[in-house]
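Structure, as structure tokens:
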Amino acid sequence: MGLRSFAAARLPAALTGLTALRAPVEPTPAEAASFDALVHKLHYLPKAEIKRIREAYKFADEAHLGQLRASGQPYITHPIAVAGICADWRLDSQAIQAALMHDAMEDCGVTKIELIEKFEAPTAELVDGLTKLDKLQFSTKEESQAESFRKMLLAMARDVRVILIKLADRLHNMRTMEAMAANKQRRIARETLEIYAPIAHRLGLNEIYRELQELSFKFIHPWRHAALSKAISKARGNRRDLVSRIERDVMKAVGESELKVEVHGREKTLYSIYKKMRDKHLSFAQVSDIFGFRIVVADLPHCYLALGVLHQLYKPQPGRFKDYIAIPKPNGYQSLHTTLVSPLGTPVEFQIRTETMHMVAEKGVAAHWLYKSNSQSAQQLGAHWLQSLLDIQDETRDANEFLEHVKIDLFPDAVYVFTPKSKIMALPRGATPVDFAYAIHSDVGDHCVAAQINGEPVPLRTELHSGDVIEIVTADSARPNPAWLSFVRTGRARSKIRHFLKNLEQEESRELGQKMLAQALRAEGLALPSLDDEELRAAQLWQQLARWAGNRHVDELLTEIGLGRKIATIVAKKLARMLADQGERPDAVTLTLGRFATDDAPAQGMVMIDGSEGASVRLATCCRPIPGDDIKGYLGRGEGLVVHTAECQVGRRLFQRDAEHWIAVAWAEELSRPFEAAVGLLLNNGKGVLAQVASAVSSAEADITHISMVEEPQTRETAEMSLLLSVRDRLHLADVLRTLKRSATVLRVWRIKP
């Protein structure tokens, strides 16, 4: 590297504005030739715009001066190649300029303001959307990648050109990755296969989708790629005669029907063959459909005429016909697919489409720039998915969680279902009525209680199939169930459910935190100042307390107390000192209520358990307290309030280790639901034992929610059974146990305790 180049490469960001004072740098012949090749591709743009692109090239060349790629080539060759791919799609001049400068902010210290001044705001926004967040500090590399990816996707949702440039960038990097270390090749290839290739597919960019998959496969499994490539070359020679014969037969048949068509033979990609072999456990010899044919016709009616001609020529395989013209894929793809039996008895797939459909099938959203007359605009093709990204972002602040939702939504397979009004909706394979409900509207999903498929009631976890007509039953009182997260498939449904539960948990934790702080403050002889008080003095007091605790506002502080992340007694002591500074004095009556509250005079701050508590209050599964038991509350760090029985050994050990986290709790007078108690039975083993136990429980007006049975290893005469019973309180449980003891088959019965 020459002295001038070395100095330029080391220039700090603050000096980039001085580049104009330097003598212009002449590009090398290789660079000039590649830029000339780019200009040759830009014939569709006006001369004034090509001039702006040339300015962007000079700016990028200056910015990357002295930088080399891993292959040893000047770095500027990469932005030129990316711009060339964008020019093949005939993107506008702003996108071509952004492609040339896409690494300028990240690698060269160029600022967004500088780009706005030189190339205007739209181009600068595109470049900014492509720039990773390397300047921020993240705790892990994964967090950094997830946050950068989120930034790019949200920029893409606002302007689809961001992802087109990014995909062109990734494609050129994948094409020129040989010079990198093998572990880096595999990491980048895996990221491409998991994220960028599915995005290309989602946006209908099938040409890039296939190439990214192929290149990723080559770098992740080089030996398998080489072996499969060799096998296909051999098979290609063996099947050349069959391909030629089919092509002749098709051309003759369509010629007789006076249809004007173009017939193209096509071969499956190595990756799709490998995936089929892996998923279906096949050998290469068992994969019969490694080639197919694409037929391009003049207009829409001719697609169906050509299909009729083919079905007369060869026999179609039942169940292998798909009409993606009547029901397009979510990315805008349209085509007729049919699989026919060839003269040798092997299945051959045919795809029939018009020229415009073919362009959309290969170029996806990029077809908008290639065909300005195309009725579907770039944003419309992927609009539904792009909008769902913004919806998920609204509910998901954690970058890794956002990335997880997006990966879930990148399933290429889809099922097509109908609303009761016959509107078609596309959902990922494996989707359920809950996914369908959230796809209609978040309110429908939040209040969903039941579903009907084709007029029949079904469980909410039922998998949907193409052609199903789904009807959702809602109730105003219903709310999302945490169990739904185990079976929903769309990122939208998952993020909406998590968002609702998170908000619910925070609301409940805030109320619990307020009760606990009030109780702790009464022990200091003071009443809790009103949170709703509009008086400036009270508001300032609460704000001052939140700042002291390291929280942004008082609601956050109360939530953290309710979750056990902050100790109520410590916060109460600080609040008491602040109130004392304002002239408040402890009150004897309040002090007595706080310290010596009994069942006769309950402390207002005591947490009352009535069964309606949500995520912030849990009944411990070790002792399973029920109304009538003496109980204590343990405030686990970040777990909310866990209620144990007073005699629970697990609870006692926690109390000895962490006494300050225990608070007073009591059962409310009015209970909102039954509670679970664990019961053990020793039985005479014989016919009809289970039926007799169930009958005894039912006669005592209780329910069995879970049952397990263990035979004694020494003898088969007795068996031990464990039940989870749904009861109202201790008196009801005692009644159930007495009823069970009277059963002839029961030898002994007891309540299970830790």
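For region 625-635, the set of residues classified as assigned to a loop (DSSP other than H, G, I, E, B), surrounded by fewer than 23 Cβ atoms within 10 Å (Cβ to Cβ) and touching a strand residue (DSSP E or B) at 6+ places or on another chain (Cβ under 7 Å) consists of ASP630 only. Going by the conditions given, is ALA48 modelled with pLDDT of 80 or more and crowded, with 23+ Cβ neighbours inside 10 Å? No.
For (1) assigned by TED's automatic domain parsing to the domain that holds ALA493; (2) modelled with pLDDT under 85; (3) crowded, with 18+ Cβ neighbours inside 10 Å, each residue gets a yes or a no:
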position: ALA414; (1), (2), (3): yes, yes, no
position: VAL417; (1), (2), (3): yes, yes, yes
position: ASP435; (1), (2), (3): yes, no, yes
position: SER442; (1), (2), (3): yes, no, yes
position: ALA451; (1), (2), (3): yes, no, yes
position: GLY455; (1), (2), (3): yes, no, no
position: PRO459; (1), (2), (3): yes, no, no
position: ALA478; (1), (2), (3): yes, yes, no
position: ASN481; (1), (2), (3): yes, yes, no
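The set of residues in region 655-681 being in a strand (DSSP E or B) and buried (at least 16 other Cβ atoms within 10 Å of the Cβ) consists of ILE663, VAL665, ALA666, TRP667, PHE675, GLU676, ALA677, ALA678, VAL679, LEU681.
Consider GLY611 carefully, then state whether it is over 18 Å from ALA568 (Cβ atoms), within 38 Å of the chain's Cα centre (by Cα), at pLDDT below 85 and of a type outside the set (Lys, Arg). For GLY611, the condition - over 18 Å from ALA568 (Cβ atoms), within 38 Å of the chain's Cα centre (by Cα), at pLDDT below 85 and of a type outside the set (Lys, Arg) - is met.
Among all residues of region 723-745, there is none that is over 20 Å from ASP629 (Cβ atoms), part of a strand (DSSP E or B) and not assigned by TED's automatic domain parsing to the domain that holds LEU635. Any residue in region 241-253 that is outside the structural domain of ILE85 (by TED's automatic domain parsing) and within 39 Å of the chain's Cα centre (by Cα)? No: region 241-253 contains no residue that is outside the structural domain of ILE85 (by TED's automatic domain parsing) and within 39 Å of the chain's Cα centre (by Cα). Evaluate the following for ILE53: is it modelled with pLDDT of 80 or more, over 37 Å from the mean Cα position of the chain (by Cα) and assigned by TED's automatic domain parsing to the domain that holds ARG175? Judged against the criteria, ILE53 is a match.
The values are calculated or read from the model by the stated rules, or taken from the named source; none is laboratory data. Small disclaimer: the values here were computed from a predicted structure and weren't measured. We place every Cβ from the backbone using ideal geometry, glycine too, and count neighbours over all the protein chains shown.
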